[in-house]
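Structure first, then comments.
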């Protein structure tokens, strides 16, 4: 009898994570992060507050979970983190493809939150995630030639800047064209 209960529990847990994550991003399209209340989040997701607290400490913890999930599915291996996969082409393509698929939603989230604390929180969580990835790679024998805090801070800013650039520019670039521009920038090929 235990296996069906465990499977049901896993499905309900996964469902709760999905409901809360989607609700957070849907609300972020209209409300700055610092103004989102836990009551609003739980009402929107139809997840009771007691259930929310079973999984997360607060909305910051939920946001961190969402970012971790994104980067886990982004396949951040050492070649990608160290920008050795063709100057980061694989990750840039995957990252910008995700932004492109959800462009209007990300654009609304960015417009709603660009003046608040959201972008700083986003960078701080990205730095944490990247620091963990670098630590994991150190156990595999990879070594940075620059300070780890400098590397992770600048890389987090690069990811955020890429998304902002893609969302803000008036011209509508094709995905591959934008990725090419990002890779040329990484290669410092600014002029012909």
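Scanning the stretch 41-65 for residues that are farther than 17 Å from residue 113 by Cα and free of Cβ contacts under 8 Å to residues at least 40 places away in the same chain yields a count of 17. Tallying residues that are under 20 Å from residue 123 (Cβ atoms) and either in contact with a strand residue (DSSP E or B) (Cβ under 7 Å, 6 or more places away or on another chain) or part of a loop (DSSP other than H, G, I, E, B) (or both) within the stretch 32-56 yields 2. Residues in the stretch 111-129 that are over 13 Å from the mean Cα position of the chain (by Cα), in a helix (DSSP H, G or I) and touching a residue at least 12 places away in the same chain (Cβ under 8 Å) were compared, and the one that is surrounded by the most Cβ atoms within 10 Å (Cβ to Cβ) is 113.
Taken as a whole, the stretch 130-142 holds at least one residue that is surrounded by 13 or more Cβ atoms within 10 Å (Cβ to Cβ), assigned to a helix (DSSP H, G or I) and either under 13 Å from the mean Cα position of the chain (by Cα) or assigned by TED's automatic domain parsing to the domain that holds residue 25 (or both).
The values are calculated or read from the model by the stated rules, or taken from the named source; none is laboratory data. Quick caveat, the model's predicted, so the values are computed rather than measured. As a convention, Cβ positions derive from the backbone with ideal geometry for all residues, glycine included, and neighbour counts pool all protein chains shown.
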